[in-house]
Structures are given as structure tokens and as C-alpha cells.
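Note sheet for the following structure.
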Amino acid sequence: MRRIAGLETEFGCLSQRSMESPPVPERVRDHLFYRERVGLIDIHDRDYDEPAGNGGFLFNGGRLYVDMGHIEYCTAECLYLADLLASDRAGERFLQQALIDLDMTGKASFIKNNIDHYTGATFGCHENYLLQRDAPLTQGNVDALLAFLAVRGLMVGAGRVGTVMVPRGIDRGTRTRALPFQVMQRADYIQTEIYEWVQFNRALINARDEPLGDPCRFRRFHLLLGDSNMLPFSQALKVGSTSLVLDLLEVDRMPHVALADPVRAMHQVSHCPDGPWLLELSDGRRWTAVELLEHFLVATSRMDREEDPDSRWTRLAWEEVLRGLREDSDALLGKVDWITKRHLLELFGTQEGVRWDDPWMESLDLEYHNLNEERSLAGLMPHPSLEELGLPGLAEQDLRQEAPRNTRASARSQLMRKLAADKISYVIDWDYVQVGNSGFYSLEDPFVSAVPPKAELPGLCEDLELRSK
């Protein structure tokens, strides 16, 4: 890729011990930080809802913490798709191994999905892309970007049983508009196009300007509309295709296309897994979602710049998916999550005589996303592994133990290891590390992997040793 990217995944947790204290997510967090010592726990409050001890940064460059009761894992900053997928997989393995170590695999499961069928709650997979501060965010470019994001899920959605309605506990009789199956997990929860504070008004684009880097040079383009992917092919295509479209934006070569209503279009695509996905453009014309995605793919091939290896892989994968959507969706089994999940559930329903509205289907929907490989429904369908995808630059390093070597995640990890060895007080964030009260390391350039020189902070006392616990 030409930009740094990262993923934040909020994991659901199924537990037979939900009333126990501490809850499973907190027990797993404490096991990872205090026993396995995979990183450094925060010793300061980060925010009103992130007190000291709530989570911390990891030696692999990522971050893990408890957010409103669920575990959230953030990958390291990654420059290659292969590193991003490997860093994300490292988080999954941390969580599953913790359940094994705590002898809880028969009593609890981590679920990498985005919905709670019982309550109607949602939890997300957030995407972060480094964007140049001077990227031309004109109305035309933003309209085109919204059009792409609204229909992108047709290629990379995770699929779900049913739709969002009144939670069961309130009035089951109002659940009358049920859909058997839809393309995207998050579509029903997207309410507007662009918004800053999105906990209760989720948007296609989160407008919060929090660069986590040099604000004069960079933006952090933050998305929360996407689904959590189980299949490596879908996950790589999701990030790769979005990065290519952001390339178009930065060079001001976005297609001149806009949807009449991007949010409504997203719902239309998701609610019609059999197509035809016919959408209204702002000028009154009608295109299918496949035609719209084809339009963006063609535009990425016309940029006047040398194509990097990740871009080449992405364009080939993009072409393959559009061909499958047009001609034979079965060719995408094991590659596109929603198509694969739907196929498996249809087989089960036919063999067992189970209808789509049976709770059994919702249960299997969750099991598709189970991190336990012995239970995961996704693992039943043969699919190319991360190693078999042929992504360029797949590192031999273990990204559970090490950070990617070509981004600031490596510098942060090096500083953290020294802090751990010397038992010095610290404050760690994505874009800086403060050592005691006398040393400050700026990490404002995410492309710099070397440890920067320490900036002295005059007038403050020397580093303080922490008391041994």
C-alpha cells in the first residue's frame, strides 16, 4: 500500500459465566498483561472511560483494552497488507490462547462479529487509513467516496441472519419485517453519511479529526461501517480496495459519480443478497452496485503512477470478485465472507429442515465468527490462508512477538522493551512515549521506524523507578 493502515476489532464474548466477577474480558486482559506480559499496562488514565489498568500497548505494536465491557484489539500501524492481516491474526491468537491458558474454552468464546442477535446491539471493526492533510476533500470527491463506501460491502461484507428490529426482550411481536439473510452486518446500523460523534449516530465516514500523528501533514481517515472478516481474502480486499480509492482521492482523480442517497443505497444492497442491486445516482441515472464498483476499479487503473505490489494484488482480487458477482457467485466460496456464510447456512437449513427464522440459524451465524478453530463455521469451507493468498511482503517475523519493522510501531516497541527492562515510569500513546518526567520521544511520523532522539523536558525531575509489585 501507499499508506499506513490499522484495524480496531471489538470482540463479542459468549460466556456461561456472565455474572461472575471479574468478567471474562477483564480476566483475559489481566492474564495477558500480568502473566504473559505481552505489553505494558497503562499506569495513567487515558480518558474518563479508560482508567489506569484498563488496557495497554503491546510489544507487537498493537493495543488491547476493555471498552464498555468488551475486549478491543488494535493492530500495529502497517504498511503492507500482509503485515496488517498478520497483526490482526496475532490479536485473535492472543485471545484464544488466553482462554486455553485459563481453562475456559468450554465455558467462553470470543466472537469476531458485529451484532448481538438477542439485544440488537452492535460492535464494530474500525478501519484507520493515513491520509495526506492536503488531500482535496471537495464536495465531488467526498460524494464519490461515499458512493464507494456505500456499496463496498457487496465485495467484502460478512453477512448476517435477519435484520435490526426491536430487541426480543422488549416486544417480539414487533419483529415482523425480518429478512432471511443480508449482505452486511453493519448496514442496518448506519444512519447518516458523515458525523463526528458516532456512538449513537453511526455514519459512513467518521469526521472526527484525530490524526495521531503530525497534524500539519496527516489525517486519520476513520471508518466504522465495515464488517469483521473471517476470511483473509475478504479482509485484504476490504483494506486494499479502500486504500486504492484513497489514492484516487489524494491525486484528485476520483470518478465523477454520486448516489442520490448513500445510506439508503447501502441498506438496499445489504437487504438484497440476490441482486440486482440497482441504485439511483444523484443525476437520476440508475446503475447496479457492480457497475459502480467496476467504475472505481477502472479509475484506479488510470492513475499516472507506478503500481505497488499490494495494489496489483488488490486490483486482481477486485476483478475476480466482480466477475464472480456477475457470473457465478459459487466461485467466491472461501473468499467472500457473506457468500460463504450464506452457502453454509443454506446447506444446514436444507439438511436439517430448519428455516431462516429459527434461532438455530442465529446461533450458527455467531459460530461462523468463533475464534476457536475447532468450532468456527468459517473453517468448514476450504479457503486460502493468509500464507496462501500470495500477498507481497509477508514477513517471516512473528507479529505476536514483534512489531512491523517499517513503521513507528517498531520504534514504540523498542522503547517499551527498554521501559519493561528498566522499570521506569511511562506514558505511552500512538504518537509519543514519555519516559518518567524527563524524556519525551515523538513518534509523529508513522513512517519512521527508528527510535527518535530523546527530547529533554527542562525543569522536571529525573526518571523514577516504579516499586516492584
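The values are calculated or read from the model by the stated rules, or taken from the named source; none is laboratory data. Since this is a predicted model, take the numbers as computed values, not measurements. Here the Cβ positions follow ideal geometry from the backbone for every residue, glycine too, while neighbour counts run over all protein chains shown. Side chains are part of the model used for accessible areas, which takes the heavy atoms of the whole protein and leaves out ligands, DNA and RNA. Shrake-Rupley method; radii C 1.70, N 1.55, O 1.52, S 1.80 Å.
The 3J(HN,Hα) values that the Karplus relation (6.51, -1.76, 1.60; θ = phi - 60°) gives for the stretch 38-48 are, in residue order, 7, x, 10, 6, 4, 10, 9, 6, 8, 6, 5 Hz. Gly and Pro appear as x. Note on the chain: dipole from Cβ charges, positive end direction compared against 295, 122, 55; the farthest Cα belongs to 122.
Between residue 421 and residue 200, the contour length at 0.36 nm per residue exceeds the alpha carbon distance by 75.3 nm. Dipole magnitude for the stretch 226-339: computed about the Cα centre from +1 point charges on Lys and Arg Cβ and -1 point charges on Asp and Glu Cβ, it is near 140 debye. Ordered from largest to smallest accessible area (heavy atoms of protein chains, 1.4 Å probe), the residues 127, 320 come out as 320, 127.
In this simple spin-label approximation, residue 445 and residue 387 carry label points 7 Å from Cα along the Cα→Cβ vector, and these lie 3.6 nm apart. Pop the C-beta distance of residue 303 and residue 134 into the FRET formula with R0 = 25 Å and round what comes out to the nearest 0.05. For R0 = 25 Å, the calculated efficiency reads 0.90. Here's how it looks for residue 121: its modeled amide H is under 5 Å from those of 116, which are all 5 or more places away or on a different chain. From helices alone, the chain scores -10000 deg cm²/dmol at 222 nm; the rule is -39500 (n - 2.57) for each run of n ≥ 4 DSSP H residues, then divide by the residue total. Between amide H atoms placed 1.01 Å from N, distances below 5 Å from residue 280 occur with 260, all of them 5 or more places distant or on a separate chain. With the full set of protein chains in place, find how many percent of the accessible area of the stretch 8-160 is carbon and sulfur; take the probe as 1.4 Å. Accessible surface attributable to carbon and sulfur in the stretch 8-160 totals 48 percent. Rounded to the nearest 20 debye, the dipole size of the stretch 32-107 about its Cα centre is 320 debye, using +1 on the Cβ of Lys and Arg and -1 on the Cβ of Asp and Glu.
Helices in the chain that qualify as membrane-span-like (whole DSSP H runs, Cα extent of at least 18 Å along the helix axis, mean Kyte-Doolittle hydropathy of 0.0 or higher) are 81-101, 139-156, 232-250.
Leaving out ligands and nucleic acids, and using a 1.4 Å probe, what accessible area per residue does the stretch 342-405 come to in Å²?
Value for the stretch 342-405: 58 Å² per residue.
Between amide H atoms placed 1.01 Å from N, distances below 5 Å from residue 67 occur with 72, all of them 5 or more places distant or on a separate chain. Placing unit charges on each Cβ (+1 for Lys and Arg, -1 for Asp and Glu) gives the stretch 204-316 a dipole about its Cα centre, and among 237, 268, 309 the Cα reaching farthest toward its positive end belongs to 268. For the chain, a simple Cβ point-charge model (Lys and Arg +1, Asp and Glu -1, everything else neutral) yields a dipole of about 280 debye relative to the Cα centre. Within the same chain, lysines fewer than 8 places from residue 423 are excluded, and of the rest, those with a Cα less than 25 Å from its Cα are 454, 469.
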